[in-house]
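A short worksheet on the structure shown next.
The values are calculated or read from the model by the stated rules, or taken from the named source; none is laboratory data. Remember, it's a predicted structure, so these values are computed and weren't measured experimentally. In this analysis, Cβ positions are derived from the backbone assuming ideal geometry, glycine residues included, and neighbour counts consider all displayed protein chains.
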Amino acid sequence: MHRFLVSAAHKSSGKTTLSVGLAAALRRRGLAVQAFKKGPDYIDPLWLALASGRPCRNLDFYITSREELAASFALHAAAADVCIVEGNKGLYDGLDLDGSNSNAALAGLLELPVVLVIDARGMTRGIAPLILGYQAFDPAMRFSGVILNRLGGSRHESKLRAVIEHYTGVPVLGALHEDPAIGIFERHLGLVPAYETAAAAARIEAIVAAVERQVDVGMLLARTAAEKPLPAVPANRPARPAPDIRLGVARDRAFGFYYADDLEALEDAGAVIVPFDTLRDARLPQADALFIGGGFPECFAAGLEANAPLRAEIRQRIERGMPVYAECGGLMYLARSITWRGERREMVGAIAADVVMRDRPTGRGYVRLEETAAHPWARKQAAEVRAHEFHYSNLENADPGLAYAYRMKRGHGIDGERDGIVVKNLLASYTHLRGAGGCDWPARFVQFARSVAA
């Protein structure tokens, strides 16, 4: 088995492009590739899943314990020949001063060598102290090599290779020249999701062609062979119960932010997932409950507004007590309207509030929540919930009588103090939950839907 962490000196260095290209290149060699992404992220994992041919898994120090994180890695890595972990931000960046939740800490925990991606635009001899500094900062860190990115041409590449060889002794695994054809499109929340881009497969083909041409994949494999076997994992998962809840899940260009582990946990709890398209379907599928995740409803607001029959049916179902869970983009869709760039579009109207998009993030980062008595499927004993948020919108003209499922202990949520609007059996929040770290929301939601259907 081969395992490694792809990291960088800073964000936007090309980690995702390289990780996607490497995953696709290794898959082309007939290897089973399992991709992982550090931290809370939906978009990078979608690209990595498309390139590797299997769901990408998230590894998050804030939400999960170190033991749970290591067990999750071992479980999903067991069936792979190569494991690629894409870091977030820079190698030594993290929330805490001691670096205990940094990419470097993840590499240490999982015993992963590091492939360092360096955006080398405008650099020549100065690349040597950068690499030497990264080596010296943590002598325990193992570097398999560096991949240079966004080079100005062959002459620039030759200079950098000579400097690195002379001063550092770190292998150069590859050097990608500047090429707009291999960039992944970006927008206000980061990269454009792969499911939303019709040309995603063609873009991955362009990326993998560049990687195979300019990265020594054979050397990469030789330098990332695992030195130790993975820890033992349970041989068999508990048998799933016969599914008795039909769960409609919005899966389309407007909504697609779902963690693979959470979808599997919903199925483990007895749900059969029935996808529906908020832009194309005039009617909901037969369903006992709905899950509308995050996405970019503001970018497809005209299409969402145009599908008036579906909006009306969703509102009627909520008013009649159907259990519905909505996160971020889903909350926006269920509000009265979305206004973006001066244009107002009508939405479902189940939530008595209007959504207004802003130029800067309103809520961004990790959150800590405390459940209130209004939570429709609250735990029997109150417990703090760790999760995350990332939204450029806020609510205006909200009904002052709205009930809220959460008190914010960290983060912004809806107004800095509350999150999780409750209407009948609807729970809609800016917060994104994960079924990890003791937060068993998938099982609780399915059980709630079961009790309503009984």
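Per-structure values
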{"quantity": "Residue satisfying all of: in the range 4-41; assigned to a loop (DSSP other than H, G, I, E, B) and among the polar types (S, T, N, Q); surrounded by the fewest Cβ atoms within 10 Å (Cβ to Cβ) among these", "calculated": "12"}
{"quantity": "Flag if residue 58 is assigned by TED's automatic domain parsing to the domain that holds residue 203, under 27 Å from residue 130 (Cβ atoms) and under 18 Å from the mean Cα position of the chain (by Cα)", "calculated": "no"}
{"quantity": "Matching residues in the range 253-275 - criterion: being within 18 Å of residue 328 (Cα to Cα) and either small (Gly, Ala, Ser) or at pLDDT 95 or above (or both)", "calculated": "254, 255, 256, 257, 258, 259, 260, 262, 263"}
{"quantity": "The range 295-326, residues that are within 21 Å of residue 262 (Cα to Cα) and either surrounded by 24 or more Cβ atoms within 10 Å (Cβ to Cβ) or aromatic (Phe, Trp, Tyr) (or both)", "calculated": "295, 296, 323, 324, 325, 326"}
{"quantity": "Strands (runs of 3 or more DSSP E) fully within the range 351-454 counting 1 or more residues that are surrounded by fewer than 16 Cβ atoms within 10 Å (Cβ to Cβ) and touching a residue at least 12 places away in the same chain (Cβ under 8 Å)", "calculated": "363-371, 384-391, 393-396, 403-410"}
{"quantity": "Top-ranked residue in the range 228-261 [being of a type in the set (Lys, Arg) and either surrounded by fewer than 16 Cβ atoms within 10 Å (Cβ to Cβ) or not in a loop (DSSP other than H, G, I, E, B) (or both); ranked as farthest from the chain's Cα centre (by Cα)]", "calculated": "228"}
{"quantity": "Residue within the range 332-348 that is within 17 Å of residue 376 (Cα to Cα), in the same structural domain as residue 288 (by TED's automatic domain parsing) and among the aromatic types (Phe, Trp, Tyr) present", "calculated": "no"}
{"quantity": "Residue check for residue 345: more than 14 Å from residue 405 (Cβ to Cβ) and in a strand (DSSP E or B)", "calculated": "yes"}
{"quantity": "Which numbered condition residue 155 misses (of (1) more than 21 Å from residue 20 (Cα to Cα); (2) in contact (Cβ under 8 Å) with a residue 12 or more places away in the chain; (3) among the charged types (D, E, K, R))", "calculated": "(2)"}
{"quantity": "Filter result for the condition that a residue is in a loop (DSSP other than H, G, I, E, B), under 18 Å from residue 50 (Cα atoms), at pLDDT below 95 and among the β-branched types (Val, Ile, Thr), over 204, 184", "calculated": "184"}
{"quantity": "The range 2-13 residues that are over 23 Å from residue 27 (Cβ atoms) and assigned by TED's automatic domain parsing to the domain that holds residue 38, paired with ones that are of a type outside the set (Asp, Glu) and not in a strand (DSSP E or B) (beta carbon under 6 Å, 6 or more apart)", "calculated": "9/90; 10/90; 11/89"}
{"quantity": "Count of the range 262-283 residues which are closer than 19 Å to residue 243 by Cα and in a loop (DSSP other than H, G, I, E, B)", "calculated": "2"}
{"quantity": "Where a residue in the range 86-103 is on the phi > 0 side of the Ramachandran plot and charged (D, E, K, R) and its partner, wherever it lies, is surrounded by 17 or more Cβ atoms within 10 Å (Cβ to Cβ) and assigned to a loop (DSSP other than H, G, I, E, B), with Cβ under 9 Å and at least six apart", "calculated": "89/39; 89/102"}
{"quantity": "Residue 351 being assigned by TED's automatic domain parsing to the domain that holds residue 405, under 19 Å from residue 452 (Cα atoms) and touching a helix residue (DSSP H, G or I) at 6+ places or on another chain (Cβ under 8 Å)", "calculated": "no"}
{"quantity": "Among residues of the range 44-84, those that are crowded, with 23+ Cβ neighbours inside 10 Å and part of a helix (DSSP H, G or I), counted", "calculated": "8"}
{"quantity": "Residue check, residue 115 more than 17 Å from the chain's Cα centre (by Cα) and under 22 Å from residue 174 (Cα atoms)", "calculated": "yes"}
